[in-house]
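Participant: My questions will all concern the structure given below.
The values are calculated or read from the model by the stated rules, or taken from the named source; none is laboratory data. Everything numeric in this text was worked out from a predicted model, so none of it was measured. Counting neighbours? That spans all protein chains shown, and the Cβs are built from the backbone with ideal geometry, glycine included.
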Amino acid sequence: MISIVIISAFYVLSLIIFITKKRSNKNIFHLDYLLIHLATLLLIILAIIGIYYFKIENYFYVNFLNVIHILMLIFLILHVKSAIMGYKSKINFYYFIPIFIYLVVNILNYYGIYILEVNSRSYMNFLDSKEIDLNYYGDKIVKILVSFPLILYLMNFLFINIKKSSSVISKKTYSIWIYSFCLLSISSFITTFLYYYEVIDPKYDNTLISLTQYTWIAIFLSMALNPFILPYLPLISNIKNVVFENDLKIFDKIIHSFSVEKIYLDPSLNLRKVSSNLELTENMVRGLIKINTDENFNDFVNRYRIEHSIVLMQSSFLKSNSIVSLGKESGFRSHHTFFRAFKKLKKTTPNKFHQSYGK
């Protein structure tokens, strides 16, 4: 069994190296989260190998690994959300609430204050080595309680949003990978709970231990990301714009509304208004813009506005109007926003650009 764990470590390491080589400015919005997820997974595998060979039974060491495991789940969630939505999902403090709860309970347990006074076994013979849980008043159940909602949240988010995604190439393949990881994790929670809290007859202990071991090995491999999934991740392929034919038609509608209807001239234009006018979801509009232009929504809109302002410059608009009027005529709410967006796109100010154009 330990040989399989060692092989898994080399497999995950090679996968990290491979994905790092695939990393680019176009896919870092989701790929960096996946790399952190895999790095935490590798750390857990290496720690298990260390526990096996060095017979480590330190309480803080084991709890540190549990925190790393929760972090691993969090970064997988961030990867999935970013991959499905087509843009980087922000790290909010509420993602770390499960870690905070786990740490608080264990600190209180360490000082003899037990919120959940549920006696459990103090160890499991895992890979022929004792997995020690010295404070066994609720530690295991708290780990399960804080991890289980993360798994359910991941499954729920995937179920609701995967069909609307315009960035994941093969929704079915990607969903199978994530769901298999979630179901294996839930299985490990169940077998761990049944063993530690002696829910069923002790004569089945060896069976539960074996199930837990094999489930964890399966999780290692599923979380490590099957190589056949790689081509289906957003912007991993060398092809610049990979979208479904239907998605391409939808993106053409977005382009038409900007280039022909010139909706960008509306100063109050926002993502909600665009998606409503085109009868699309906000995620779809945002995702299609990202995967086809590598721009976020604001930069996409501002690019049209800047190009429009340049056309006005070329039509002698500034002979009778000011630079401030030029920004407002191009759809900007204020001249500050206009100047900032112009400099970001053209690397110079509107005044200098106009002067160089005049020469």
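Participant: Would it be correct to say that ILE107 is assigned to a loop (DSSP other than H, G, I, E, B), under 19 Å from ASN66 (Cα atoms) and either in the same structural domain as PRO202 (by TED's automatic domain parsing) or at pLDDT 55 or above (or both)?
Facilitator: Working: assigned to a loop (DSSP other than H, G, I, E, B): no; under 19 Å from ASN66 (Cα atoms): yes; either in the same structural domain as PRO202 (by TED's automatic domain parsing) or at pLDDT 55 or above (or both): yes.
Here the answer is no, as ILE107 does not meet what is asked.
Participant: Select from the stretch 248-265 the residues that are over 31 Å from the mean Cα position of the chain (by Cα) and surrounded by 14 or more Cβ atoms within 10 Å (Cβ to Cβ) and list them in ascending order.
Facilitator: ILE263, LEU265 - these are the residues of the stretch 248-265 that are over 31 Å from the mean Cα position of the chain (by Cα) and surrounded by 14 or more Cβ atoms within 10 Å (Cβ to Cβ).
Participant: Working carefully through the options LYS140, LYS130, find the one that is part of a helix (DSSP H, G or I) and at pLDDT below 80.
Facilitator: Only one candidate passes the filter, namely LYS140.
Participant: Collect the residues in the stretch 1-52 that are small (Gly, Ala, Ser) and touching a helix residue (DSSP H, G or I) at 6+ places or on another chain (Cβ under 7 Å), keeping them in residue-number order.
Facilitator: Filtering the stretch 1-52 down to residues small (Gly, Ala, Ser) leaves 3, 8-9, 14, 24, 39, 47, 50.
SER8, ALA9, ALA39, ALA47, listed by residue number.
Participant: Still on this structure, I have one more. Kindly provide the set of residues from the stretch 289-321 that are closer than 17 Å to PRO267 by Cβ and over 33 Å from the mean Cα position of the chain (by Cα), ordered by number.
Facilitator: Within the stretch 289-321, GLU307, HIS308, SER309, LEU312, ASN321 meet the criteria.
Participant: May I pose another question? So how many residues does the stretch 298-327 have that are among the basic types (Lys, Arg) and modelled with pLDDT under 90? Show your work before the answer.
Facilitator: Filtering the stretch 298-327 for residues among the basic types (Lys, Arg) gives 303, 305, 319.
Pick out the ones that are also modelled with pLDDT under 90 and you get 319.
The qualifying residues number 1.
Participant: Does VAL242 fit the bill of being closer than 30 Å to PRO350 by Cβ, modelled with pLDDT under 90 and of a type in the set (A, V, I, L, M, F, W, C)? Steps first, please.
Facilitator: On the way: closer than 30 Å to PRO350 by Cβ: no; modelled with pLDDT under 90: yes; of a type in the set (A, V, I, L, M, F, W, C): yes.
So VAL242 does not fit the description; no.
Participant: Looking only at residues in the stretch 80-104 that are within 23 Å of ILE48 (Cβ to Cβ) and buried (at least 20 other Cβ atoms within 10 Å of the Cβ), which one is modelled with the lowest pLDDT?
Facilitator: Within the stretch 80-104, the subset within 23 Å of ILE48 (Cβ to Cβ) is 98-99, 102-103.
So of that shortlist, the ones also buried (at least 20 other Cβ atoms within 10 Å of the Cβ) come out as 98, 102.
Numbers: PRO98: 91, TYR102: 87.
Among residues in the stretch 80-104 that are within 23 Å of ILE48 (Cβ to Cβ) and buried (at least 20 other Cβ atoms within 10 Å of the Cβ), the one modelled with the lowest pLDDT is TYR102.
Participant: I'd like to verify a number: residues in the stretch 147-163 that are under 17 Å from THR281 (Cβ atoms) and touching a residue at least 24 places away in the same chain (Cβ under 8 Å), how many?
Facilitator: Matching residues across the stretch 147-163 total 4.
Participant: Of the conditions (1) modelled with pLDDT under 75; (2) under 27 Å from the mean Cα position of the chain (by Cα), THR215 clears all except one; give me its number.
Facilitator: Checking THR215 against (1) modelled with pLDDT under 75; (2) under 27 Å from the mean Cα position of the chain (by Cα), the one that fails is (1).
Participant: Would you pick out the residues in the stretch 20-41 that are crowded, with 18+ Cβ neighbours inside 10 Å and farther than 18 Å from LYS81 by Cβ?
Facilitator: LEU41, the sole residue that qualifies.
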